[in-house]
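Accompanying notes for the structure given below.
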Amino acid sequence: MNNNIIILGIETSCDETAAAVTVDGRKILSNIIFSQIPIHQQFGGVVPEIASRHHVRRILPVIDEALRVAAVPLSRLDAVAVTYGPGLAGALLVGVAAAKGLAFALNRPLLGVNHLEGHIYAGFINHPELEPPFVALVVSGGHTAILYVPAYNRFELLGRTRDDAAGEAFDKIARVLELPYPGGPELEKLARLGNPASIAFPRALKEDLFNFSFSGLKSAVINYLHNKRQNGEPTDKGDVAASFQAAVIDMLTGRAANALQARDTTKLVLAGGVAANAELRKSLTQITARLYCPEPALCTDNAAMIACRAYYLYKEGLYSNLSINAVPSLSLGEE
Ligand code: KG4
Ligand code: ZN
């Protein structure tokens, strides 16, 4: 295969309209993100219909900007990649329609990418030396899962959350603590003011090697705040945030340690929006010296990770058909 494969990646699964151009998967020429966070902030969360409308408005300008910054003409693209799931149906459709149109018009392969696989492959961008096999811990707003990645293009699901995703739990507890949306980064900031050992919140599914559960923890925090209010006692929100965060991190770190041991590897890739949490990264470095984590801008949703993932599909000729559709509940490592 000739070198310098240039791929345009497109990502519209949730509330970021993003496009990126990469060379040979791991080198970013441009990575443009139009974040809708300020638009959804007033509603306290992502409103799917509004997200779709803004994707429609922004998708072509964002693609144009990605090509302009990369100084790559459309004719130089080797393939067009797009997230086709999981995510919000109406949001995914915008990216999928744009990618199909471009691939068809340019007569180039279309590469449909699983968003969660994209998050894992973000680890390759900052770490040129990283190669499979490794264990991947995916912690995003919609998903929490632990996988074994034995080789490129292969994913083996070891465990996942039984209820809420870790990011979702962060966002819900941030909301009850009256922090602005998106709550994860705000909660992390508040937690710096508190003592993580001050409140003993529960750690669920202790006997389970790989699966997670966060809904019991969420209820415990809400009950704690409720009881304090009922008794007219003051609450230290910093302590609540720090103790909640410590419980989530304990559960994630414990399962990651189990997975590394079970698959006899020390390589751990941390992926997804919650990977931006510095305390989580610190905790994981205590179980392995070989933690691979993308820089914060590549942890949250972006299109560079989609183009990077797509490169390895391209190399094996794993092209998508132009009839590909959005798959909102696309799974990971279960096929
Ligand atoms: O991967 P992502 O950008 O979108 C999804 O695919 O879900 O993840 C967003 C999630 C949100 O729940 C957000 O609150 C959380 O990642 N998040 C964090 C931090 N930064 C983002 N959670 C905890 N600490 C952070 N620093
Ligand atoms: Zn994501």
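The values are calculated or read from the model by the stated rules, or taken from the named source; none is laboratory data. It should be emphasised that the depicted structure is a prediction, and the values quoted were computed from it without experimental measurement. We place every Cβ from the backbone using ideal geometry, glycine too, and count neighbours over all the protein chains shown. Quick note on the areas: whole protein, heavy atoms, side chains included, nothing else; ligands and nucleic acids left out. Shrake-Rupley method; radii C 1.70, N 1.55, O 1.52, S 1.80 Å.
What to note about this one:
- Filter result (farther than 20 Å from LYS315 by Cβ, surrounded by fewer than 24 Cβ atoms within 10 Å (Cβ to Cβ) and more than 16 Å from ligand 1 (Cβ to nearest atom)) within region 127-148: TYR148
- Looking across region 91-111, the residues that are open to solvent by less than 30 Å² (accessible area, probe 1.4 Å), more than 16 Å from ligand 2 (Cβ to nearest atom) and among the small types (Gly, Ala, Ser) come down to ALA98, ALA99, ALA103.
- So ASN195, is it open to solvent by less than 50 Å² (accessible area, probe 1.4 Å) and modelled with pLDDT of 95 or more: no
- Scan of region 146-178 for residues that are aliphatic (A, V, I, L, M), closer than 20 Å to LEU280 by Cα and part of a helix (DSSP H, G or I), ordered by number: ALA166, ALA169, ILE173, ALA174
- Single match in ILE39, ILE28 (criterion: within 16 Å of ligand 1 (Cβ to nearest atom) and either over 13 Å from ILE306 (Cα atoms) or touching a helix residue (DSSP H, G or I) at 6+ places or on another chain (Cβ under 8 Å) (or both)): ILE39
- Test result for PRO234, open to solvent by 20 Å² or more (accessible area, probe 1.4 Å), over 30 Å from ILE5 (Cα atoms) and modelled with pLDDT under 95: yes
- The combined condition, being in contact with a Cys (Cβ under 8 Å, 6 or more places away or on another chain), on the phi < 0 side of the Ramachandran plot, open to solvent by 20 Å² or more (accessible area, probe 1.4 Å) and basic (Lys, Arg), is not fulfilled by ARG290.
- Among the candidates TYR224, TYR181, residue that is open to solvent by 20 Å² or more (accessible area, probe 1.4 Å), assigned to a helix (DSSP H, G or I) and aromatic (Phe, Trp, Tyr): TYR224
- The condition of being within 25 Å of ALA165 (Cα to Cα) and either assigned to a loop (DSSP other than H, G, I, E, B) or open to solvent by 10 Å² or more (accessible area, probe 1.4 Å) (or both) holds for only one of LEU270, LEU260, that being LEU260.
- Residue that is nearest to LEU313 (Cα to Cα) [pool: residues in region 51-89 that are surrounded by 15 or more Cβ atoms within 10 Å (Cβ to Cβ) and of a type in the set (Lys, Arg)]: ARG58
- Residues of region 28-38 that are buried (at least 16 other Cβ atoms within 10 Å of the Cβ) and away from ligand 2 (no atom under 14 Å from the Cβ): ILE28, LEU29, SER30, ASN31, ILE32, PHE34.
- Residues of region 300-315 satisfying the condition of being farther than 13 Å from ASN31 by Cβ and within 16 Å of ligand 2 (Cβ to nearest atom): ARG309, ALA310
- One residue stands out in region 179-209 among those that are out of contact with any strand residue (DSSP E or B) (no Cβ under 9 Å at 6 or more places or on another chain) and under 16 Å from SER219 (Cα atoms): the one that is farthest from ligand 2 (Cβ to nearest atom), namely ALA200.
- From the list ARG53, ARG58, ARG76, the lone residue that is more than 20 Å from ALA304 (Cβ to Cβ), among the charged types (D, E, K, R) and more than 15 Å from ligand 2 (Cβ to nearest atom) is ARG53.
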